Every structure is written in C-alpha cells, then in structure tokens.
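What follows is a short report on a single structure.
Read the figures in this text as sums done on the coordinates, not as results from a lab. Just so it is clear, the model here is predicted, and its values are computed rather than measured. Note that each Cβ is placed from the backbone with ideal geometry, even for glycine, and that neighbours are counted across all protein chains shown.
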Amino acid sequence: MAGNKFERIEKKFWMTEKQFNAIMPVILEHMTVDEYGLSKICNIYCDSDDYALIRRSIEAPPFKEKLRIRSYGEFEADKKVYVEIKRKVNGIGYKRRIHVPFRKALELLEGNEIMADNQQIEGELHEFVRRYRPKPKVYLSYERFAMYGKEDPELRMTVDQKIRYAMYSEDMDFFKEGTPIIKDESMALLEIKSSGAVPLWLTEQLSRLAIYQASFSKIGTCFTNFIAPQLKFLQANASGKRITTGEKNGLPSLRQAVFGQNRV
C-alpha cells in the first residue's frame, strides 16, 4: 500500500451507544489514534445525471466503482482535497487518489489537465471522467474517529457518527447542516480495513458484545432513501402518472440491496 494507492478488505459493523462505550477501551489498547484523530469528513460524490454509478453499486455487482472528492473539514477553494476513485472487486476494496486544491478538483471534472502530484492517477481520473461524465451530486459528511494498529499499522479502524447529506450546489450552499441518513444518530458505524484477517482479540470482542457485520453504504443509503424516491416522484409528475404512497416513500428492491439482513 502506497500513500496514493490502497488495497484492503473492508468490514462494517453498527454499534449502539452502549456497545460503543464497551468496546472502545479495548480497541484503544491495541490501536493508535491517527494524524486526523477526531475530525469532520466531508465528501462530494460525483455521478452522471442519471446516477449510473450509484445505481450500479446498489445492485452489488462483482465489480463497481465511484468517484468522490474528500476534505478533512469543510471545502474551501484553495484547500487541498483528495480526488479518489474507489473500486471494489469481489469484496476487495481498491482506492487511488490525488491531493489537489478543491478548485483544481472541479477543473479536473471539466476535463482539464491540472498537473497533480501523481500523473498516472490523474490520467486514470481523466479516463474515468471521459467514460462517465460525472458531476458533483451529493455532499455527505460525518464525524470520524480514525485509528491504526499498534502492532500492525496496515490494520485501520474508523468510527463514524452523525452521517448527513445535502445535494451539491455550485454556490457552496451544501455546507448547511444536512439531513441525517439514519434515524438514530447515536448509532456508530465501525469500519475495519485490513490487508488480512481481522485480529482474534477484535473478533472476540465483537462476538462478546453481539456486534454483527452489516452490509451498508452511506451513499447507497442516501440515494435509496432520499434521492431515488424524489427522482421517481418528479418523473411521475412529468409524465402525468399517479404515484402511490408506497412508491413515493422508497424502492424496496434497492433498499434490500443496500441493507441486506442488517437493515438499520
């Protein structure tokens, strides 16, 4: 794993406040807080006008990919951000990214050369842009506590809370507080990212506290529960079709694909 290239297995677990308080002292015996510690993570997910990338991801294919812009703290024009291609192949996550000012990231989405710190990855991003024509669509933010293993630095864990979204706008109005994507914001999402098996000490603690692995995607949940119903409603209005309450409130097949048997 290099600074701009990542390959790892990712597992996610939902925790109640009680479970979080019980497991964190044990985790901190084995993990070190990373350079960002507790920080606000801000993401802009980019997609085609018909949300082809998100829709494909929700279908859980063996290969999927997405493009996002990530900032530690709120976005500012000259503040450096990460432009990332995230791919998942048969359950293995791959991430390739460049580190550039936010205004340069937006220029890249317009197809412009920006002379990033890694020309190879910039080339891959240009090819991605040519293929999908993505635009900034959805702003997702959350509070994250990030750690890495004391004995195995490749083992990383993050705990996310207060996951909220807003639709992207060019006037930067997406900085508003946003809408929670789950009802109980005291719930915490634990993500374990490793190049190998989950350590035995952690497996034992997860089992002891009945913390079970969950199938969950932040952007997938946001699209399924908020964006897709609105798009369907607008399409129905445009065509003059009467839409039922059930249709307006959600898309069951998409929701099942996102949550599986661990729906929150």
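What's the whole-number percent of alpha carbon pairs in the range 36-167 lying beyond 18 angstrom?
The answer is 58 percent, as a whole percent.
Which log10 I(q)/I(0) values does the chain give at q = 0.13, 0.15, 0.17 Å⁻¹ under the Debye formula, counting every alpha carbon as one identical point scatterer?
The Cα Debye sum returns log10 ratios of -0.92, -1.22, -1.54.
Scale the Cα Rg of the range 28-100 by the rule-of-thumb value 2.2 N^0.38 Å and send over the ratio, two decimals.
Cα Rg divided by the expected 2.2 N^0.38 Å: 1.32.
So what's the net charge close to S57: Lys and Arg +1, Asp and Glu -1, counting the other residues with Cβ under 9 Å from its Cβ?
Neighbourhood net charge equals +3.
Along the charge dipole of the range 1-109, Cβ charges K/R +1 and D/E -1, which of Y45, F6, A22 sits furthest on the positive end?
Among Y45, F6, A22, the one farthest towards the positive end of the dipole of the range 1-109 is F6.
So what are the radius of gyration and Dmax for the Cα set of the range 119-211, in Å?
So, for the range 119-211, Rg and Dmax equal 18.2, 49 Å respectively.
About its Cα centre, what dipole magnitude does the chain give when the only charges are +1 on Lys and Arg Cβ and -1 on Asp and Glu Cβ, stated in debye to the nearest 20?
940 debye
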